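Here's the structure, in structure tokens; my notes come after.
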Amino acid sequence: MARYQRILLKLSGEVMAGQGSFGVDPARVRALAEEVAEVARAGVQIGLVVGGGNFFRGVAAAAQDMERVTADHMGMLSTVINALALQDSLEKQGMPTRVMTAITMNEVAEPYIRRRAIRHLEKGRIVIFAAGTSNPYFSTDTAATLRGLEIHAEIVAKATRVDGVYDKDPLTNPDARRFAEIGYSEVLSKNLKVMDASAVAMCRDNRLPIVVFDLNVHGNIMRMTMGEPIGTLIH
């Protein structure tokens, strides 16, 4: 029996690129869709937010001279590309999936309407929330938190390339210590770069727990959903 009945899963765009640094790796997306589909078949309602770094990192140099608002809108559109790729792969797994965008593009996906999103979840459809919040200056972490609160998710699950929250960067500091659990305020006071401060503060103010875990370990999405102690729980 799953511990969580409704989750908001946040994926980085880089995950979609697999071993590459740019674009979508079909094999990686297929493997990811298989894991998500397995969790959905267990009766868990899943909302997904995916970043756009796998595309936007490729034009980041050009964006340096752009107005921030323009660059952010480009980033939002890159999340739509990823959402459509993930939807296609999930539907090939036999899972009914809806992409809902914060920026209206009726020919591509449904507009985000909160009540409709909740209805999709109740009917067993996986819902992918794309285009961030439609507002510049807000990251996909903040979008994930906002959508998680709006759909009454029980937890925000951030799937990353590291296995939790550390007191310093584990990639450059071999003595970095991983937290099994940590409080919201400690994450903010120590400036731990696990999520945007605004996203952590929103979760704190609304008592929405966050779990940070390693997506590269096969089966971790299911383990997290079942409540196994993987990664770091922020609460």
*Looking only at the stretch 149-190, and only at residues there that are surrounded by fewer than 12 Cβ atoms within 10 Å (Cβ to Cβ) and modelled with pLDDT under 90, the one that is nearest to PRO229 (Cα to Cα)*: ARG161
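Could you tell me whether the stretch 210-221 includes any residue that is assigned to a loop (DSSP other than H, G, I, E, B), closer than 15 Å to VAL156 by Cα and open to solvent by less than 10 Å² (accessible area, probe 1.4 Å)?
Yes, the conditions are met somewhere in the stretch 210-221.
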*Which residues, counting only those in the stretch 150-175, are farther than 20 Å from GLY18 by Cα, in a loop (DSSP other than H, G, I, E, B) and touching a Gly at 6+ places or on another chain (Cβ under 7 Å)?*
ILE151, ALA153
_Search result, residues across the stretch 3-30 that are among the hydrophobic types (A, V, I, L, M, F, W, C), closer than 22 Å to ILE155 by Cα and open to solvent by less than 10 Å² (accessible area, probe 1.4 Å)_ = ILE7, LEU8, LEU9, LEU11
_Residue identified as buried (at least 22 other Cβ atoms within 10 Å of the Cβ) and either under 18 Å from ALA157 (Cβ atoms) or over 16 Å from the mean Cα position of the chain (by Cα) (or both) among ALA33, ALA37_ = ALA33
*So GLY231 clears everything in (1) closer than 15 Å to ASP163 by Cβ; (2) open to solvent by 20 Å² or more (accessible area, probe 1.4 Å) except one condition, right? Which one?*
(2)
*Determine whether the stretch 80-96 contains at least one residue that is within 26 Å of SER198 (Cβ to Cβ), open to solvent by less than 20 Å² (accessible area, probe 1.4 Å) and more than 17 Å from the chain's Cα centre (by Cα).*
no
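The values are calculated or read from the model by the stated rules, or taken from the named source; none is laboratory data. Predicted, not measured: the structure shown is a model, and the values here were computed from it. Cβ: placed from backbone, ideal geometry, glycine included. Neighbour counts: every protein chain shown. These area figures cover heavy atoms from the full protein model, side chains too; ligands, DNA and RNA do not enter into them. Shrake-Rupley method; radii C 1.70, N 1.55, O 1.52, S 1.80 Å.
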